[in-house]
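Each value in this text was obtained by applying a stated rule to the coordinates, not by laboratory testing. As the structure is a prediction and not an experimental result, all values here were calculated from the model. Please note: Cβ atoms are built from the backbone with ideal geometry, for glycine as well, and neighbour counts cover all protein chains shown.
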Amino acid sequence: MKEQIRIADMMNGVRFEGFLLVKSSQQKTAQNGSKYLDMTLVDTSGEINAKMWDGTVLPPEPGKVIKLRGMVQEYNSHLQMRADKIRESTPEDGVEMDRLVPCAPRPADEMLDELLNRANNIADRQLKELVLRRLDEAGDKLQFVPAAVRLHHAQRSGLLNHTTTMLKGAEFICDLYPFLDRDLLAAGVILHDLCKIEEMNTDESGLASDYTAQGNLLGHIVMGVSRLDRQGRELGVDEELLMLLEHMILSHHDLPEYGSPKQPMFPEAEALHILDLLDARMFEMKNECDKVTPGSFTERIWSLDNRKLYRRKGAPAQKSGE
């Protein structure tokens, strides 16, 4: 994928040829009765409206990446793209998605392999079979869905990033507190957010536009317990083991105001909650601090108890991918 002008750097009169992500598109009718294409296109720097005055071209699906050739123009004091030619991207184009949408810092297939390897290493046969069955049911969407519509890990493959980071944290915690059931905690980490796949409307871009009807009415915690209970009973999983896993999902947000009807009531459930909270907050804090210069404060962040954050001066350089 060649270097191209970012949307934020576009100016009136500049010609553009490159790849952009379709946020929305539809065919409209002008006052003279002719058809035209109206699109909102995005990259990581912003978005721009685009018009294509060719009524024979069908609107590309939201979430698709298109190659576009056109001219940036000013209309009603706003920049707009006049598209002369568009086509859907192909694998041969070598499009780098992290230029178009926020992406997890590691490849999805690498993270998925880590998750599957950990599931396959669960010693208890019933627990292993249940976790693998739920992962199989989650399907291919697991590779690109975010962990949220907004806030923590709202990025392509964000759910995998969140889950695999928590798995690493679980290993450290179990080394520190060896009385914890290492496999039970790992299973809880893998299962706790799986139903976010069904909770959010996510297209192929890996970004969620909104919540589904099930997401609004039930939420991923209730759906997660329901799916787990069904699968566990079909597989004949030990009742106490199934109950413990269901409690871990129910309690991982800790408080009713955050969606959990029960607080954690055994050590592995508490560890899961702490890991979930820690990873979410570390992501949000880094993300907000990255927006300001060293030695200054962020705006107040409502998801972090309306706190301001301070970005320290002379912080150690971060490794690539962090």
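Relative to the present Cα-Cα distance, how much length would full extension add between Tyr211 and Val57 at 0.36 nm per residue of separation?
Full extension from Tyr211 to Val57 adds 52.4 nm.
Going down the list Lys128/Lys168; Lys64/Lys291; Lys196/Lys291; Lys168/Lys196; Lys85/Lys286, which pairs span over 30 Å between their C-alpha atoms?
Checking Cα-Cα distances, Lys85/Lys286 exceed 30 Å.
All other residues with a Cβ under 11 Å from the Cβ of Asp43 taken together, and with Lys, Arg as +1 and Asp, Glu as -1, what is their net charge?
With Lys, Arg at +1 and Asp, Glu at -1, the net is -1.
Cα centroids of segment 1-64 and segment 237-296: how far apart, whole angstrom?
Cα centroid of segment 1-64 versus Cα centroid of segment 237-296: 40 Å apart.
For the chain, what does -39500 (n - 2.57) per DSSP helix run (n ≥ 4), summed and divided by total residues, give at 222 nm, in deg cm²/dmol to the nearest 500?
-11500 deg cm²/dmol
How big is the Rg/Rh ratio for segment 102-289, C-alpha atoms only, Rh by Kirkwood, two decimals?
On the way: Rg = 15.3 Å, Rh = 16.4 Å.
Rg/Rh for segment 102-289 comes to 0.93.
Within 10 Å of each candidate Cβ there may be at most 16 other Cβ atoms; applying that plus a DSSP loop requirement, which chymotrypsin sites (Phe, Trp or Tyr not before Pro) in segment 164-237 survive?
Phe179
Which trypsin sites (Lys or Arg not before Pro) in segment 1-35 sit in a loop by DSSP (not H, G, I, E or B) and have at most 12 other Cβ atoms within 10 Å of their own Cβ?
Lys2
Could you tally the net charge around Gly215, taking each other residue with its Cβ under 11 Å from the Cβ of Gly215, Lys/Arg +1 and Asp/Glu -1?
Surrounding charge for Gly215 is -2.
By how many degrees, 0 to 90 and rounded to 10, does the Cα axis of helix 158-176 deviate from the longest principal axis of the chain?
That helix lies at roughly 30 degrees to the long axis.
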